[in-house]
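What follows is one structure encoded as structure tokens, with my remarks underneath.
Any read-out appearing in this document is the output of simple, stated calculations on the displayed coordinates, not a laboratory observation. Just so we're clear, the structure is a prediction, and the values are computed from it rather than from any experiment. Cβ: placed from backbone, ideal geometry, glycine included. Neighbour counts: every protein chain shown.
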Amino acid sequence: MSNVEPQAGAGAAAAVPAQPAIASYTGRSLKPSLWKRIQQHRTAYLLFVPVFAYFVIFKYWPILLAWVVAFKDLQLGSGIFASPWVGLQNFEDIFLSSDIPGVIRNTVEISCSRLAIGFVPPIILAILFHDMVTRKLKKWLQTLVYIPHFFSWVIVFGVVFGFFSVGYGYINNMLDAFGFERHEFLLDSAWFRPILIGSALWKEIGWSTIIYLAALSTVDAQLYEAAVIDGAGPLKRMRHITLPSIMPVMTFVLCINLGFLLNAGGEQVLLFYNDAVYDTADIIDTWVYREGLARLQFSLATAVGLLQSVIGLALVIICNFFAKRLSGRGIW
């Protein structure tokens, strides 16, 4: 009996891994088929159907229609698919327009100024909020800087008009009180862009800090404690711990912002600009608004939007490529 029991035990132990080996030799996969997985998780798939339908109907289908309209002469009475094809005629009309060079120049200059001036302040503000000790004061300050984000551009323009209007504006009242002459800030091309970029920064700086605060919350507090023990001051801690920790987020935000280089804030400019500042304020979005709605050139406006999307995608890809080459980090 003593000789038989080990043999039986050894046989039983050897028999356990035999089943997967046989399955592998026969070439059969133990993974269930796609249809069986759908049946198994049918509740989750049913919940996903409305989401899938939303993206198909409101996202991907309009993109397809935009590609079609850009190569057609859209006639409202005929519809999209019955309208005649014109090929690249819409794109030729865009580049042959006498307004396009100035419009593109204004768009790029305003977008680059917004990016250069608005990129760093949210990072500094997020670091200041992160290092604040008094939580109650921190919450109050965060609320104050977040609130402008929820204002519409109409309200923001009303605030700007209240400060810079020549008649009853606060700034002009101050100038008049100190003996200076009142100035038409909103009708001066030299002042239009500073007012435009400054108001956009005031509106969005608080909201832009949220993503950086989220990144800072993941930094290990022991790194700061070790740096303090080693004698590192606030600036050294920021340089060697804080900034390297949020560098992936900074790269992500920079790449995404470059994708909107040809979108210089059309809604804001449309509210702020006027005939006196057309030379520095007219951008692609406002030109599309005039051509597409005022003159009913829908195909031309769609072609411009298509060019903006393609160039924006190319800029994101290029920025991601150089970011990975230079820092080893990218958005994918």
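Look at residue 325 and say whether it is of a type outside the set (Gly, Ala, Ser) and either over 19 Å from the mean Cα position of the chain (by Cα) or in a helix (DSSP H, G or I) (or both). In short, yes.
Candidates are the residues of the stretch 300-316 that are surrounded by 14 or more Cβ atoms within 10 Å (Cβ to Cβ) and farther than 25 Å from residue 273 by Cα; the one that is farthest from the chain's Cα centre (by Cα) is 315. Here is the figure for the stretch 260-276: residues that are part of a helix (DSSP H, G or I) and in contact (Cβ under 8 Å) with a residue 60 or more places away in the chain total 6.
Taken over the stretch 273-332, the residue count meeting the criterion of being out of contact with any helix residue (DSSP H, G or I) (no Cβ under 7 Å at 6 or more places or on another chain) and charged (D, E, K, R) is 5. With respect to residue 218, is the statement that it is of a type in the set (Val, Ile, Thr), under 24 Å from residue 330 (Cα atoms) and either touching a residue at least 24 places away in the same chain (Cβ under 8 Å) or out of contact with any strand residue (DSSP E or B) (no Cβ under 6 Å at 6 or more places or on another chain) (or both) true? So residue 218 fits the description; yes.
Taking the criterion of being in contact with a His (Cβ under 9 Å, 6 or more places away or on another chain), of a type in the set (A, V, I, L, M, F, W, C) and in a helix (DSSP H, G or I), would at least one residue in the stretch 243-254 satisfy it? Checked the stretch 243-254: no residue is in contact with a His (Cβ under 9 Å, 6 or more places away or on another chain), of a type in the set (A, V, I, L, M, F, W, C) and in a helix (DSSP H, G or I).
Selection of helices (runs of 4 or more DSSP H) fully inside the stretch 121-208 by the criterion of at least 2 residues being under 26 Å from residue 243 (Cβ atoms) returns 135-146.
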